[in-house]
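Novice: Next up is a structure, given as C-alpha cells.
Derivation of every value follows stated rules applied to the coordinates shown; laboratory data play no part. Bear in mind that the values here come from a model prediction, so they are computed numbers and not experimental data. Quick reminder, even Gly has a Cβ in these numbers, built from the backbone with ideal geometry, and neighbours come from all protein chains shown.
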C-alpha cells in the first residue's frame with residue numbers, strides 16, 4: 001500500500017522544476033528587455049540578474065555565462081528554421097531543386113540574423129571561438145554544403161559552404177546596417193546574388 005510520504009520527493013522535485021522554469025523565463029525576458037534597450041554588448045550578467053530578480057549564480061548554473069543567455073534568446077527561432085529545413089514545405093524544405101532551396105535557406109537565414117543581430121553578435125563576441133563555437137553555425141554550414149554539392153558536384157562544396165554564409169556574421173551584419181546604412185533587403189539581395197554567382201546558379 002502506498003504511503004502519503006512516498007509522493008513527497010516527487011512533489012518537491014516538481015516544485016523545483018517549476019521554480020527553475022520560472023527563473024529561466026524571467027532571465028530570458030530580462031535579457032531581451034536589456035538587449036532591446038541598449039544592445040547585448042553593453043550588458044553583463046549582474047544587470048540581467050538584477051532585472052530578472054534572481055541571483056547571479058542562478059544564471060551561471062543555468063546558462064554558463066552571458067553568451068549562453070544571449071544564445072538562448074535566439075534558440076527557439078533557430079529550432080523553427082531547422083525544423084523547416086528538414087520537414088517544411090518547399091522551397092525551404094525538401095522537394096524543390098537545390099538552387100531554389102539554397103536561395104530560400106539564405107533568405108531565411110538573413111531574416112533570422114536581422115531579427116537577432118544584436119543578441120547573436122554579443123553572444124559570439126564573448127565566446128572563445130566566436131561564431132564557430134555555436135552548434136547552429138555547423139548546422140547552417142552543413143545544409144549549405146549539401147545543397148551546393150547537389151547543384152554541381154564539381155564545386156568544392158566544403159569550402160563554398162563557409163563562403164555563402166560568411167556575409168551573415170552578426171558582427172558584419174550590424175556594421176553594414178548601423179555604420180554603412182545598408183537596409184536588410186539590400187543585404188539579403190546581395191547575399192543571394194553572391195551565392196548564385198559562386199555556385200553558377
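Novice: Return the FRET efficiency for the residue pair residue 33, residue 197: r is the Cβ-Cβ distance, R0 is 41 Å, and the value is rounded to the nearest 0.05.
Specialist: On the way: r = 41 Å, r/R0 = 1.00.
For residue 33 and residue 197, the calculated efficiency is 0.50.
Novice: What percent does the relative contact order of the stretch 105-185 come to when contacts are Cα pairs within less than 8 Å and at least six residues apart?
Specialist: Details: 52 pairs, mean separation 29.6, N = 81.
This gives 37 percent for the stretch 105-185.
Novice: How tilted is helix 66-87 with respect to the longest principal axis of the chain? Cα atoms for both, answer in degrees (0 to 90, nearest 10).
Specialist: Taking the Cα atoms of the chain, the angle to 66-87 is about 60 degrees.
Novice: I'd like the FRET efficiency for residue 132 and residue 76, computed as 1/(1 + (r/R0)^6) with the beta carbon distance as r and R0 of 35 Å, rounded to 0.05.
Specialist: On the way: r = 22 Å, r/R0 = 0.62.
With a Förster radius of 35 Å, E is 0.95.
Novice: Against the longest principal axis of the chain, how steep is helix 98-125, in degrees 0 to 90 to the nearest 10, with axes from Cα atoms?
Specialist: With rounding to tens, the tilt is 50 degrees.
Novice: Mark the label point 7 Å from the Cα of residue 178 along Cα→Cβ and return the residues of the stretch 99-120 whose backbone N is within less than 20 Å of it.
Specialist: Correct set: 110-120.
Novice: A further question follows. Between residue 16 and residue 163, what FRET efficiency comes out of the Förster formula 1/(1 + (r/R0)^6) with R0 = 45 Å and r the beta carbon distance, rounded to 0.05?
Specialist: The computed FRET efficiency comes out at 0.45.
Novice: Considering all alpha-carbon pairs of the stretch 73-201, what whole percent are spaced by more than 18 angstrom? Spell out each step's value before the answer.
Specialist: Working: 4265 of 8256 pairs.
Considering the stretch 73-201, 52 percent of its Cα-Cα pairs are separated by more than 18 Å.
Novice: Okay, moving on. Relative contact order of the chain: what whole-number percent is it, with Cα pairs under 8 angstrom and at least 6 residues apart?
Specialist: Details: 188 pairs, mean separation 36.0, N = 201.
Contact order relative to length: 18 percent.
Novice: Per residue of the chain, what 222 nm ellipticity follows from adding -39500 (n - 2.57) for every DSSP H run with n ≥ 4, rounded to the nearest 500? Before the final figure, lay out each step's value.
Specialist: Values: 9 runs with 144 residues, N = 201.
My calculation for the chain gives -24000 deg cm²/dmol from helical runs alone.
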